[in-house]
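Peer 1: Here's a structure for you.
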Amino acid sequence: MKAVRIHEYTGINGIRVEETETLTPNIGEIRMRVGAAGINNSDLQMTYGKYKRPGNDPLPQTLGQEAAGIVDAVGEKVEGFLPGMRVVGHVKGAFAEMAIAPATELLPIPDDISFEVAASLPINYLTAILALIYRAKVQVGEWVLVHPGSGGVGTTAIQLAKLLGAKVIATAGNRAKVEYLLKLGADYGIDYSSQSVVSEVRKITNNIGVQVAVDGAGKVTFADCLEVIANNGRIACYGTTTGLDAALPMGKLLGRNITVYGIALWYNSDYQTSWQTLKNLVIPAFVEGKLQSTIEQVVSLEGVSAALTKMEQRRLMGKIIVVP
């Protein structure tokens, strides 16, 4: 089978599309004929050796962590999945014609959701679900800041927060991206390249601040979130693209009863439960038209390198999908 692989951590230039053996599912696993796979920032970081997937994952590695397709074979002790079923899930090595997935991180998908849309859901929506529902516990009518909002998790968090009944302020690095976020449902958009996020949020909220902030970039964005979080507010942090060493002034945390959550998808105690929320809340919302797909581009296995380059250069407004 064909797969997108790396043999060393040299960045995007080290990516190869090559023939490799078709794997056999072990106990508790299924083999999927991949219909579509989603590209994430963690795939880019993997090429540099800056992101490690759970478990033993030696080189060479097949890239990709989420996919939708058809069950091709079932390992021992797997219940609820049979060959021929349409599924989506967490897949180690998703950028390939065939891939292995643990049955505990797999969901059936209805016929009226395409493989492309289904493959765009797991990592972004599970992260947003953990941040907004299981940690920040967003309530109807609360203000939510999504900073920045134009990435994969950001665009998801905007839509999920609106589905939960919140009011959303989202940020992006240019006006075109801000307009895109407004179309996704954000109530207000801020262009952080020309506007002060802190000043604008205070103006929008009448100096009260936001009850919840979703921080997707670390050092720079976390500082903004601390400035605009309301008393008893909650900050959920899932990304560090602007730096790891964010300042944590204890006076603000203690004096205003602020809670800060770190969101690490695979190691979260509510990770398995979040799959049920994806199944019971998110997938039905797509079927009913309450959530929009953010797919920007569909590429082949050979197009993965160019897609990751586009991501690295921050030229994305939506999700890129790989179709083998």
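Peer 1: Report the gain in length on full extension from Glu79 to Ser199: 0.36 nm times residue separation, minus Cα-Cα distance, nm rounded to one decimal.
Peer 2: Net length gain for the segment: 37.9 nm.
Peer 1: Here's another thing I want to ask about it. Relative to the Cα centre, what is the charge dipole magnitude of the chain, using +1 at the beta carbon of each Lys and Arg, -1 at the beta carbon of each Asp and Glu, and rounding to the nearest 20 debye?
Peer 2: Once rounded to the nearest 20, the dipole reads 880 debye.
Peer 1: Residues in the range 15-38, backbone N under 16 Å from the label point at Ser300 (7 Å along the Cα-to-beta-carbon vector): list them, ranges by number please.
Peer 2: Of the residues in the range 15-38, 16-19, 36-37 have backbone N under 16 Å from the label point off Ser300.
Peer 1: Cα centroids of the range 228-278 and the range 47-111: how far apart, whole angstrom?
Peer 2: 28 Å
Peer 1: Another question, then. Would you mind telling me which residue in Trp275, Trp266, Trp143 has the biggest mean-square fluctuation in a Gaussian network model of the chain, where springs connect alpha carbons within a distance under 10 angstrom?
Peer 2: Largest GNM mean-square fluctuation: Trp266.
Peer 1: By how many nm would the segment from Thr20 to Asn232 lengthen if fully extended, with 0.36 nm per residue of separation less the alpha-carbon distance?
Peer 2: Length gained, Thr20 through Asn232: 71.1 nm.
Peer 1: Here's something else I'd like to know. Report the full-extension gain for the segment Asn13 to Thr241: residue separation times 0.36 nm, less the Cα-Cα distance, to one decimal in nm.
Peer 2: Answer, rounded to one decimal: 80.0 nm.
Peer 1: What net charge do the residues around Tyr271 carry, taking every other residue with its C-beta under 13 Å from that of Tyr271, with Lys and Arg at +1 and Asp and Glu at -1?
Peer 2: Its environment carries a net charge of -1.
Peer 1: For Glu302, Glu200, Glu19, Glu79, give me the order by solvent-accessible area with a 1.4 Å probe, most accessible first, ignoring ligands, DNA and RNA.
Peer 2: Glu79, Glu19, Glu302, Glu200
Peer 1: Quick one: compute the contact order of the range 171-287, relative version, from alpha carbon pairs under 8 angstrom and 6+ residues apart, as a percent.
Peer 2: 17 percent
Peer 1: Then there is this: With the convex hull built on the Cα atoms of the range 79-233, state its orientation-averaged projected area in nm².
Peer 2: Computed as one quarter of the Cα hull surface, the answer is 10.9 nm².
Peer 1: Hey, which aspartates and glutamates would be in cross-link range of Lys167, C-alpha to C-alpha under 19 Å, not counting anything within fewer than 8 residues on its own chain?
Peer 2: Glu142, Glu179, Asp187, Asp191, Glu200, Asp215, Asp224, Glu227
Peer 1: Additional query: Ratio of Rg to Rh for the range 198-324, alpha carbon only, Kirkwood?
Peer 2: 1.04
Peer 1: For the chain, what is the accessible area per residue in Å², given a 1.4 Å probe and the full set of protein chains?
Peer 2: 42 Å²
Peer 1: Sorted by packing (mean other beta-carbon atoms within 10 Å per residue), highest first, where do 97-105, 211-219 land?
Peer 2: 211-219, 97-105
Peer 1: Calculate the tail of P(r) for the range 35-141: the fraction of all Cα-Cα distances greater than 24 Å, expressed in %.
Peer 2: Looking at the range 35-141, the distances longer than 24 Å represent 30 percent of pairs.
Peer 1: How big is the gap, in Å, between the Cα center of the range 18-36 and the Cα center of the range 300-321?
Peer 2: Cα centroid of the range 18-36 versus Cα centroid of the range 300-321: 24 Å apart.
Peer 1: How big is the range 150-222 along each principal axis, measuring the range of its Cα positions in Å and listing the largest first?
Peer 2: Principal-axis extents of the Cα atoms in the range 150-222, largest first: 26, 25, 22 Å.
Peer 1: Rank-order 303-316, 126-139 by packing density, defined as the average count of other C-beta atoms within 10 Å over each peptide's residues, highest first.
Peer 2: Result, highest mean Cβ count within 10 Å first: 126-139, 303-316.
Peer 1: Here is a further query. Compute the Kirkwood hydrodynamic radius of the range 64-111, taking the inverse of the mean of 1/r over all pairs of distinct Cα atoms, and give it in Å to one decimal.
Peer 2: Kirkwood radius, the range 64-111: 10.7 Å.
Peer 1: Mind pulling up the Rg/Rh value for the chain? Radius of gyration and Kirkwood radius, both on Cα.
Peer 2: Expressed as Rg/Rh, it is 0.97.
Peer 1: On to the next question. Under 1.5 on a/c is rounded, so check that first for the range 180-234, then, if it is not, pick prolate when a/b is larger than b/c and oblate when it is not; a ≥ b ≥ c are the square roots of the alpha carbon gyration tensor eigenvalues.
Peer 2: rounded
Peer 1: What number, in percent, do you get for the relative contact order of the chain if the mean sequence gap of Cα pairs under 8 Å and at least 6 apart is divided by its residue count?
Peer 2: About 17 percent, as a whole number.
Peer 1: Let me ask something else. Determine the share of the chain's accessible area contributed by carbon and sulfur atoms, expressed in whole percent, with a 1.4 angstrom probe.
Peer 2: 51 percent
Peer 1: Under 28 Å from the Cα of Lys310, which lysines turn up, not counting those fewer than eight places away in the same chain?
Peer 2: Cross-link targets: Lys2, Lys50, Lys52, Lys92, Lys177, Lys183, Lys219, Lys319.
The values are calculated or read from the model by the stated rules, or taken from the named source; none is laboratory data. None of the values given here were measured: they were computed from a predicted structure. Heads up, the Cβs are rebuilt from the backbone with ideal geometry, glycines too, and the neighbour counts pull from every protein chain shown. Just so you know, the surface numbers come from the protein's heavy atoms only, side chains and all, with ligands and any DNA or RNA stripped out. Shrake-Rupley method; radii C 1.70, N 1.55, O 1.52, S 1.80 Å.
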